[in-house]
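Undergrad: If you scroll down you'll find the structure; I have some questions about it.
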Amino acid sequence: MVETEFGLCATCWRDAAFITGLVCDLCGTPLPGEADQDEVVHCDDCMTIARPWARGRATFLYCDTARKLVLALKHGDRLDIAKPAAAWMAQAARPILLPDMLVAPVPLHWSRLFKRRYNQSALLSAALAAATDLAHCPDLLTRHRRTASLDGASRDARFAMLSMAIGVTPGRRQRIVGRNILIVDDVMTSGATLAACADACLIAGAAQVFVVTLARVAKDA
């Protein structure tokens, strides 16, 4: 039993590693210490890797309930998960949201989209844009080169594979110029995919790029 439609039961809620308190301002990883609205801190990874985006947040650590939700949405045809997930993402992203933001998903290559039939990141971005009353452009970016699966790949391999693999969709550049862009994805591991998206937006003239993900893979997750 759940209290509301699309809610989590008590057991799943207990096992959902919601990220709260002090977090890395670039990727949303939880950090030790007390949260301070005026304090900007970064995790070890974000201090050693150049992040092309300005700020970022994540809703869950990628484990237990969050992992089940992500896999069900991504591979299990559980499209209904997008709506509650977007509400949780909106809460996590609230500190970095700006009124003029344009929300866009991490793109899938057309061959993967054909096989899967939907882009889970686009479902999340559409629901997030609706929940936050922000503009949405589901085809802002294009993955014009299919890359091998990133599962199990090292950080350096991920960045190398995604180099120049993502660009702005022809005809969408005018929506980017001078605009703050919010890129949405289901999971952040190394940040290589989000970096490729951010680079494409900045090259096209975006003012700043921000990122939000449903889950963040952390070293202690």
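Undergrad: Could you go through region 151-163 and let me know if any residue there is at pLDDT 95 or above and either surrounded by fewer than 21 Cβ atoms within 10 Å (Cβ to Cβ) or among the hydrophobic types (A, V, I, L, M, F, W, C) (or both).
TA: The answer is no, given that none of the residues of region 151-163 is at pLDDT 95 or above and either surrounded by fewer than 21 Cβ atoms within 10 Å (Cβ to Cβ) or among the hydrophobic types (A, V, I, L, M, F, W, C) (or both).
Undergrad: What pairs come out if I take residues in region 21-35 that are touching a residue at least 24 places away in the same chain (Cβ under 8 Å) and of a type in the set (S, T, Y) and pair them with residues that are buried (at least 21 other Cβ atoms within 10 Å of the Cβ) and assigned to a strand (DSSP E or B) whose C-beta lies under 8 Å away, six or more apart or interchain?
TA: T29/V23; T29/A58; T29/R216
Undergrad: Just for region 179-214: of the residues that are touching a helix residue (DSSP H, G or I) at 6+ places or on another chain (Cβ under 9 Å) and in a loop (DSSP other than H, G, I, E, B), which one is surrounded by the fewest Cβ atoms within 10 Å (Cβ to Cβ)?
TA: Top of the filtered list is G205.
Undergrad: Grab the helices (runs of 4 or more DSSP H) fully contained in region 1-114, keeping just those with 1 or more residues being in contact with a Leu (Cβ under 8 Å, 6 or more places away or on another chain) and at pLDDT 90 or above.
TA: Helices (runs of 4 or more DSSP H) meeting the threshold: 44-48, 64-75, 82-93.
The values are calculated or read from the model by the stated rules, or taken from the named source; none is laboratory data. Quick caveat, the model's predicted, so the values are computed rather than measured. Counting neighbours? That spans all protein chains shown, and the Cβs are built from the backbone with ideal geometry, glycine included.
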